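Right, one structure below, let's go through it.
Values in this text are rule-based calculations from the coordinates and carry no lab data. If you're wondering where the values come from, they're calculated on a predicted model, not measured in any experiment. Here the Cβ positions follow ideal geometry from the backbone for every residue, glycine too, while neighbour counts run over all protein chains shown.
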């Protein structure tokens, strides 16, 4: 029963140090002031335009405004208090958040994962946020139920499939987990109700260069990271099909049940493409589910990859933040039939209630940004971006070869350009005992310097027995040759004294 | 190796029906026109303001513009094509998407899950989208790494905890899965590497009124839906601790290993609160992990609930789109230590790289909207919203009791008001043989009528042996007494001839 005396929330929410206060509720007035709120939103929009989209994409301004964590925490005054603040103070906070955040759309942000700003996609994202829709039934999301189906259809069409099913998921890791779960369900439908207890040990196969989400997913799904069998890669980082075949046979002989091979098209670090056609033969031989993890974010690359895959194989399971799989499997595998959402006596086609295909209940709308961007540039526009990214990567590689001190890890297969920068003091001294140790320290120092000066950002990492190297991802449609030249100059400038 | 002849993406991306075209790439120019793009974003913002935030929250305008799926698909012209469209056509599309989407912030949208618009939160969401940050390292998300920690600290403070750990997850279902996975890891750390194979059968306990994500999560995590043991509820929908105790004992005697009890504070349909203090005793007796699923979206309610929970118990595991759990467990349970992200030779404190605590790799920023809203209204402002929601619910119940034909399912414990509407033709005829069958058909017809007329939206569902009833969630800070009165009048108007 509602007990309004005891549960006065004002009392409950004040902390011990604060005097209790009483708030008089006027039930005849809404608590939100639309005029004031819209003014605030309007002012925020202006700040976003100025700080994030103008300055944040302008090479005359910094990529990042580095602050030590303690200093930044003080600057931002993050603490949450009992009383609210006036609008002008809040706008200053919006300004500060923008100022000290990394400008991921800046042409000189060349770290992994971001591909510059697309204004149509961003407009779609703003509209998505404002509409605040939950994509689970036609009742609450009529436009987006239909739109998601159409975007998935368009994507399937690009790979040449006339049927299939799919969903937008919250990221690539979630997509990989979906794939594993569906494949497991197809092999052992009883796993949904009975779980893994009593089943034989299941094995997943993936290459040593694949994304770490395969292991994370295996742990989460109760399969276990030890049951992810690592397949060797060749010198270019591509899975070796013969090694896969041998390891599947070995696993079977040891009593495990292989069920899933996770290939990668565009590996995380080197951008390598596993040989899908040969792997498909191995999967067919052993009757395993073949999954392709198309790892790169950014539409253009994804679209290119879809076609690259299409050329190679058919009948694969494709995931790229979106699942595309045989019809009905998603629903059968994930449905829980909650009667409060998926009533059977609705006045429209219940197949439009897509929520039960997902393992989430509430699901954000992710299709609008892609749909609007696709409408704006067309698939030809995507192609143009891909073409350009490849040409930029080629230009960068050519320029690197003309300069001293840039040593490519390998000829790039994709738009990841991996290289060591050898400072002048180390050139020609490859034979020295501590050469690798010294080389390992170069990238971290250059990275620290570029971030503290805010001139650009690029990622580095070790890989196997290869010490720290830079990975330049030539990705953003904002990039020009000037940015490539700047990038090389800047690496030289930051590392010349090392 | 980059093979630029073969991989011309223009060729690859044109479909069979279209002539191949050649695009000349100018590497000296970015592909995105900032001026044109910003103009488009500006125009989109104006449409959002007008259609979504002004008309979409104005009772003089419709909550929804119902169209049959086929008609809507035609109106939206969803198809994705090879060529792009001009800006004015794209703006018309933005307008159409806004027009035909449900206005979830409208005062007369009384379906579950939405609590009206908050302009500060929305400003935070716009800024989040524009910054396009991925929350995994301090390097790429300095502001948000610190901000998330502070928001979690603030939330823990509300429940009286001085330490703990947490993450923002993509929704309540994901949070429930996190909780199960962490609890499983705490009981059996070897599960991360070895999986469930070889472990005894694990059991989860939850009430019959709990959210369906518990079962979905159990299936996904390889535990299996049959291993979710359903505990009986009392007449108000609250878990019965004695039944829980008996079922745990029974499960043990059958060789299963109980490890997790998922309680609910504010059940999905009836808004009931499981008796946490008594359940805590049972969990302590059997040494089980106690998890509380605080089901309601909308900050005010959550904050109320936190305090309600605080009053009842301590040492519980609390999830509400955010996990709060013992320190280090998230990292130990979920880490994969990818060397390309979490390099050990960074120039700042590696504890700030929070990405490895998550099962996702890429993770959207969810803290900014809550932080900005909290800064704007303070915890007193949240309290005010809760106070008001409870008062509105009380007002609605009082008014219902004054009218004929409204029959409460039970006295509400929370802001869910569940009721049957008995049409005039059925009043006083409870003894009739087909009474329940006829009553079951009332809510669906009224719902269809309100949606087709666009006057309001409210959810209905059956529950156990109770036939379809309405569930009015008195939630939004935009609601006034006039809206409550309108709601009752409208139900009467739409159902008077049934």
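So for each of A:487-498, B:223-234, B:123-134 I average, over its residues, the number of other beta carbons within 10 Å; can you give me the resulting order with the highest mean first?
Values: A:487-498: 17.4, B:223-234: 20.3, B:123-134: 24.5.
Top to bottom by mean Cβ count within 10 Å: B:123-134, B:223-234, A:487-498.
State, to one decimal in nm², a quarter of the convex hull surface area for the C-alpha atoms of the stretch A:54-143, i.e. the direction-averaged projected area. Don't jump to the answer; show the numbers that get you there.
On the way: hull surface 37.4 nm².
Averaged projected hull area, Cα only: 9.3 nm².
Arranged by the count of other C-beta atoms within 10 angstrom, fewest first, what order do B:483, A:43, A:437 take?
Details: B:483 21, A:43 17, A:437 10.
Neighbour counts put them in this order, fewest first: A:437, A:43, B:483.
What percent antiparallel are the DSSP beta bridges of chain B, to the nearest 5? Kindly include the intermediate steps, with their values, before the conclusion.
On the way: 19 of 38 bridges.
Roughly 50 percent of the DSSP beta bridges within chain B come out antiparallel.
Order of A:181-190, B:52-61 by packing, highest average Cβ count within 10 Å first? Can you show the working numbers first?
Details: A:181-190: 19.1, B:52-61: 17.4.
In decreasing order of mean packing, A:181-190, B:52-61 become A:181-190, B:52-61.
How high is the relative contact order of the stretch A:134-370, given as a whole-number percent (alpha carbon pairs under 8 Å, six or more residues apart)? Walk me through the intermediate numbers first.
Working: 390 pairs, mean separation 70.3, N = 237.
It comes to 30 percent, rounded to a whole number.
Given the stretch A:117-264, report the % of alpha carbon pairs whose separation exceeds 19 Å. Before the final figure, lay out each step's value.
Values: 7096 of 10878 pairs.
Roughly 65 percent, rounded to a whole number.
Counting alpha carbon pairs within less than 8 Å and at least 6 residues apart, what relative contact order, in whole percent, applies to chain B? Intermediate results must be reported in sequence, preceding the final value.
Numbers: 718 pairs, mean separation 94.8, N = 498.
Dividing the mean separation by the residue count of chain B yields 19 percent.
Restricting to DSSP H runs of at least four residues, report the calculated mean residue ellipticity at 222 nm for chain B, -39500 (n - 2.57) per run over all residues, nearest 500 deg cm²/dmol.
Counting only the DSSP helices, I get -13500 deg cm²/dmol.
Give me the percent of Cα-Cα pairs in chain A that sit more than 42 Å apart, rounded to a whole number.
Working: 37393 of 123753 pairs.
Summing the P(r) tail past 42 Å for chain A gives 30 percent.
Compute the relative contact order of the stretch A:324-404 as a whole-number percentage, counting only Cα pairs closer than 8 Å that sit 6 or more residues apart in sequence.
Details: 24 pairs, mean separation 19.1, N = 81.
Computed value for the stretch A:324-404: 24 percent relative contact order.
What does the structure give for B:239-247 when I average, per residue, the other chain Cβ atoms found within 10 Å of the residue Cβ?
Working: counts 0, 0, 0, 0, 0, 0, 0, 0, 0.
The per-residue average across the peptide is 0.
Computed over the Cα atoms, what is the radius of gyration of the stretch B:134-370 divided by 2.2 N^0.38 Å, N being its residue count? Present the calculation step by step, with values, prior to reporting the outcome.
Working: Rg = 17.9 Å, N = 237, 2.2 N^0.38 = 17.6 Å.
Normalised Rg, Cα atoms only: 1.02.
Need one number: % antiparallel among DSSP beta bridges in the protein assembly as shown, to the nearest 5. Display every interim value, and only then the final one.
On the way: 38 of 76 bridges.
Here the antiparallel bridges make up roughly 50 percent for the protein assembly as shown.
Provide Rg and Dmax in Å for the protein assembly as shown, with only Cα atoms included in the calculation.
28.3, 99
What is the list of residues in the stretch B:339-366 whose amide nitrogen lies under 14 Å from a point 7 angstrom out from the Cα of residue B:162, following Cα to Cβ?
Correct set: none at all.
In whole Å, how far is the Cα centre of the stretch A:86-109 from that of the stretch A:255-279?
Going from one Cα centre to the other spans 40 Å.
What list do you get for B:329, A:478, B:27 if you sort them by fewest beta carbons within 10 Å? Could you put the intermediate results ahead of the total?
Numbers: B:329 18, A:478 22, B:27 15.
Listing B:329, A:478, B:27 from fewest to most nearby Cβ atoms yields B:27, B:329, A:478.
Measuring from a point 7 Å out along Cα→Cβ, what nm distances, shortest first, does residue B:65 have to its partners in the other copies?
Values, ascending and in nm: 4.1.
Express as a percent, rounded to the nearest 5, the fraction of DSSP beta bridges in the stretch A:134-370 (both residues included) that run antiparallel.
Values: 8 of 26 bridges.
Approximately 30 percent, going by the DSSP bridge assignments.
What do the square roots of 5 times the Cα gyration tensor eigenvalues come to for the stretch A:246-291, in whole Å, largest first, as semi-axes of the equivalent ellipsoid?
Working: eigenvalues 100, 27, 14 Å².
Equivalent-ellipsoid dimensions as semi-axes: 22, 12, 8 Å.
Measuring from the axis that superposes chain A on chain B, report the chain A residue with the minimal C-beta distance, rounded to whole Å.
Nearest residue, distance rounded to whole Å: A:222, 1.
Alpha carbon centre of the stretch B:428-497 versus the stretch A:22-82: separation in Å?
Result: 40 Å between the Cα centres.
Going by average Cβ density within 10 Å per residue, which order do the peptides B:251-260, A:204-213 take, highest to lowest? Before the final figure, lay out each step's value.
Numbers: B:251-260: 16.3, A:204-213: 24.2.
Packing proxy ranking, top to bottom: A:204-213, B:251-260.
Which whole number gives the average, over all residues in B:448-456, of C-beta atoms from other chains lying within 10 Å of the residue C-beta? Please report the intermediate quantities before stating the final value.
Working: counts 4, 1, 0, 4, 1, 0, 0, 0, 0.
Partner-chain Cβ atoms within 10 Å, mean over residues of B:448-456: 1.
Give me Rg over Rh for the stretch A:334-465, both radii from the alpha carbons and Rh done the Kirkwood way, two decimal places. Don't skip to the answer; put the middle values down first.
On the way: Rg = 25.2 Å, Rh = 20.4 Å.
When Rh is taken as the Kirkwood radius, the ratio is 1.24.
Return the FRET efficiency for the residue pair residue B:33, residue A:411: r is the Cβ-Cβ distance, R0 is 41 Å, and the value is rounded to the nearest 0.05. Write out the running numbers ahead of the final one.
Values: r = 33 Å, r/R0 = 0.81.
After rounding, the FRET efficiency stands at 0.80.
Measuring from a point 7 Å out along Cα→Cβ, what nm distances, shortest first, does residue A:434 have to its partners in the other copies?
For residue A:434, the inter-copy label distances come out at 9.4 nm.
Can you list the distances in nanometres, one decimal and ascending, from the residue B:466 label point to the identical position in each other copy, with the point 7 Å along Cα to Cβ?
6.2
Tell me, how many Å apart are the Cα centres for the stretch B:357-424 and for the stretch A:170-247?
42
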